[in-house]
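Data block below; observations after.
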Amino acid sequence: MEVALLLVIFLAYGFNNGGAVGYILLSISSWFMALSWLYAPYIFNPSGFEWQKIVEDFRDWTNWLFYRGGIGVKGEESWEAWWEEELVIDYGVYTLYCDIFLLCHSVNTSIIFCE
């Protein structure tokens, strides 16, 4: 959708260097790309046209969205549990070294290990 909006802006304020042929070739190929990106999921996903499948997916999504997380709840069951899982940082040696390096570099202090 954003590509189509950019093409409308390009249509209004486009360049004049390439002439009419350059503009037409660039415009047609760009519109083809925008339309293919918009309609490809519907063409290559035959189950996307089944109403019952859409209703089931929406019901599953709303259940996942409104289910409260807690101890022992997996990320597949609740958005809150999924969010908590995403915030967990694996502090290995390499990650800890990178965090210390970035902290020293961003603070820009004269710590002897960071110079």
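Observations
- Residue count for region 73-83 under the criterion of being part of a helix (DSSP H, G or I) and among the acidic types (Asp, Glu): the result is 1.
- Across region 15-72, the qualifying residues are those that are outside any helix (DSSP H, G or I) and of a type in the set (D, E, K, R), and the one among them that is nearest to residue 5 (Cα to Cα) is 50.
- Pairs where the first residue, in region 40-67, is over 17 Å from residue 78 (Cβ atoms) and at pLDDT below 85 and the second is assigned to a helix (DSSP H, G or I) and not small (Gly, Ala, Ser), C-beta under 7 Å, 6+ apart: 47/53; 48/41; 48/42
The values are calculated or read from the model by the stated rules, or taken from the named source; none is laboratory data. What you see is a predicted model; the values in this text were computed from it and never measured. Please note: Cβ atoms are built from the backbone with ideal geometry, for glycine as well, and neighbour counts cover all protein chains shown.
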